[in-house]
1. Tally up the residues in the range 71-86 that are of a type in the set (Gly, Ala, Ser) and more than 15 Å from residue 17 (Cβ to Cβ), please.
2. Determine if the range 10-17 includes at least one residue that is modelled with pLDDT of 90 or more, surrounded by 12 or more Cβ atoms within 10 Å (Cβ to Cβ) and among the basic types (Lys, Arg).
3. Using the structure shown, decide if residue 93 is more than 14 Å from residue 6 (Cβ to Cβ) and surrounded by 12 or more Cβ atoms within 10 Å (Cβ to Cβ).
4. Which one is surrounded by the fewest Cβ atoms within 10 Å (Cβ to Cβ) among residues in the range 20-67 that are among the small types (Gly, Ala, Ser) and within 23 Å of residue 83 (Cα to Cα)?
5. Of all the residues that make up the range 63-96, how many are at pLDDT below 90 and of a type in the set (A, V, I, L, M, F, W, C)?
Amino acid sequence: MGLDYALVMHALAERYCGAEPKPMRPRFLGYIEKQGCGPETEIYSDVEKSIARMEGASLKVLAQGGNPKLAMSNKQVQKWASMTSKELGGCDALKRAHEADLGQ
């Protein structure tokens, strides 16, 4: 569950807060591998699938939780991004987390 939040934080930092884009795979999958969970493990596979969904997702797709049946307006998407980023500590905190080294 914590990794799901980290992935959303990473995506919000880039797509809403303007952080410099960084690839998710080396960062998150590398962290999992350092914990002893390689590509043959379920957690590695689950995170890899989550990353694949997030990598190309627009802010609207993130706001809709991946559900294309939701019809959110651009205003609703921006409100979701604003509220969610605030709940996660604001853009400055999201950018710091985005730049942090997971290996430490």
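1. Taking the range 71-86 and keeping what is of a type in the set (Gly, Ala, Ser), we get 71, 73, 81-82, 85.
Next, from what is left, pick out any that are more than 15 Å from residue 17 (Cβ to Cβ): 71, 73.
Counting residues in the range 71-86 that are of a type in the set (Gly, Ala, Ser) and more than 15 Å from residue 17 (Cβ to Cβ) gives 2.
2. Applying the first criterion (modelled with pLDDT of 90 or more) to the range 10-17 yields 10-17.
Checking the rest, the ones that are also surrounded by 12 or more Cβ atoms within 10 Å (Cβ to Cβ) come to 10-17.
If we keep only those that are among the basic types (Lys, Arg) too, we end up with 15.
Looking for residues that are modelled with pLDDT of 90 or more, surrounded by 12 or more Cβ atoms within 10 Å (Cβ to Cβ) and among the basic types (Lys, Arg), one finds at least one in the range 10-17, hence yes.
3. No, not satisfied.
4. Across the range 20-67, the extreme among qualifying residues is 56.
5. 2
The values are calculated or read from the model by the stated rules, or taken from the named source; none is laboratory data. Model, not experiment: these values are computed from the prediction. Neighbour counts run over all protein chains shown; Cβ positions are idealised from the backbone, glycine included.
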